[in-house]
Amino acid sequence: MPASDDVDVARVWFEVLPEQGVEGIVAKRASGTYRPDRSWRKVRHSEVVDAEVVGYTGTPARPRQVAVQLPDGRTVLTQTPLRPWSCRSPRT
């Protein structure tokens, strides 16, 4: 993988590489090593789409993924599993 400590180079990569199928870049401190504490940051391109929630996987108390119906009629599951804290009911 290419690496750079030049912010301008990273910005160019971020804008150009999606054309080659690269979803984003990873940023970390130059002295940083890989640790599971999320000291690295993944910066991805995202596309916002309005969709209707039509279901979920898992249990009602702990859903794992959300099923959404896209504007073109397809139903898909969210790619990232839900975390328990993101599934709380709103307080009334």
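Derivation of every value follows stated rules applied to the coordinates shown; laboratory data play no part. Because the structure is a prediction, the values reported are computed rather than measured. Neighbour counts are summed over all protein chains in view; Cβ atoms, including those assigned to glycine, are modelled from backbone coordinates with ideal geometry.
On the basis of the beta-carbon distance and an R0 of 30 Å, GLN79 and ARG11 show a calculated FRET efficiency of 0.75.
The helix-only estimate of mean residue ellipticity at 222 nm for the chain, built from DSSP H runs of length n ≥ 4 each weighted as -39500 (n - 2.57), is -3000 deg cm²/dmol after division by the residue total. Considering the chain, its Cα convex hull presents a mean projected area of 9.3 nm².
Angle of helix 7-16 to the longest C-alpha principal axis of the chain, folded into 0 to 90 degrees and rounded to 10: 50°.
Sorted ascending by nearby beta carbons within 10 Å, beginning with the fewest, SER31, SER4 become SER31, SER4. State the answer as a single residue: which of ALA3, ALA30, GLN20 lies farthest towards the positive end of the charge dipole of the chain, with beta carbon charges of +1 for Lys and Arg and -1 for Asp and Glu, about the Cα centre. In the chain, that residue is ALA30.
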